[in-house]
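Report on the structure given below.
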Amino acid sequence: MNYSVNQSIFIQIADRISDRVLNGEYKADERIPSVRELAVEMEVNPNTVMRSFERLQSHNIIYNKRGIGYFITIEANDKIRQMRQSQFVEDVLPSVFREMQLLGIGSEELINAYQSFNKQTS
């Protein structure tokens, strides 16, 4: 597994689990793989996965049924989308807007590019 050096591994693992929720691989109230199973899959120490689970639990994305395992919360999909939208607006868009300004790219060009992208991915 390849990890970015710009972000903690446990956060990257939490993001991958969140991706699986968003793409429907993990559904609400469904059990997810154990800490050990994910550690093997992700090629990391189980403590790293446990930190990811703690992060996801603190954001109410997963919950623990003692002795059974971790499950996806009913509101996980909505919570992940809200968190990512916020992060996108606060962290990504300002740098995109700065680059657009420097390159003289107007909002109309951005809208056209976005519409073209949507047609290609539909």
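The values are calculated or read from the model by the stated rules, or taken from the named source; none is laboratory data. In this text the structure is predicted, and so the values were computed from the model without any measurement. A quick note on method: Cβ atoms are made from the backbone with ideal geometry, for glycine too, and the neighbour counts reach across all protein chains shown. Accessible surface is based on the protein model in full, side chains and every heavy atom, while ligands, DNA and RNA are left aside. Shrake-Rupley method; radii C 1.70, N 1.55, O 1.52, S 1.80 Å.
Selection within region 12-35: residues that are touching a residue at least 12 places away in the same chain (Cβ under 8 Å) and over 16 Å from Arg81 (Cα atoms). The member of this set that is surrounded by the most Cβ atoms within 10 Å (Cβ to Cβ) is Ile13. When Ile80, Ile74 are screened for being closer than 18 Å to Arg20 by Cα, open to solvent by less than 80 Å² (accessible area, probe 1.4 Å) and of a type in the set (Val, Ile, Thr), only Ile80 passes. What about Gly24, is it at positive phi and modelled with pLDDT of 95 or more? In short, yes. Of all residues in region 106-121, at least one satisfies being small (Gly, Ala, Ser), outside any helix (DSSP H, G or I) and either more than 24 Å from Asn2 (Cα to Cα) or at pLDDT 95 or above (or both).
Residue-level analysis places Ala39 among those that are in contact with a Pro (Cβ under 8 Å, 6 or more places away or on another chain) and among the small types (Gly, Ala, Ser).
Considering only region 87-106, I want to know if a residue exists there that is within 15 Å of the chain's Cα centre (by Cα), at positive phi and not charged (D, E, K, R). Scanning region 87-106 turns up no residue that is within 15 Å of the chain's Cα centre (by Cα), at positive phi and not charged (D, E, K, R). Counting only helices (runs of 4 or more DSSP H) that sit completely within region 1-98, those holding 2 or more residues that are within 30 Å of Leu110 (Cα to Cα) correspond to 9-22, 76-87. Take Ile61 and decide whether it is touching a Ser or Thr at 6+ places or on another chain (Cβ under 8 Å), at pLDDT 95 or above and open to solvent by less than 60 Å² (accessible area, probe 1.4 Å). So Ile61 passes the test.
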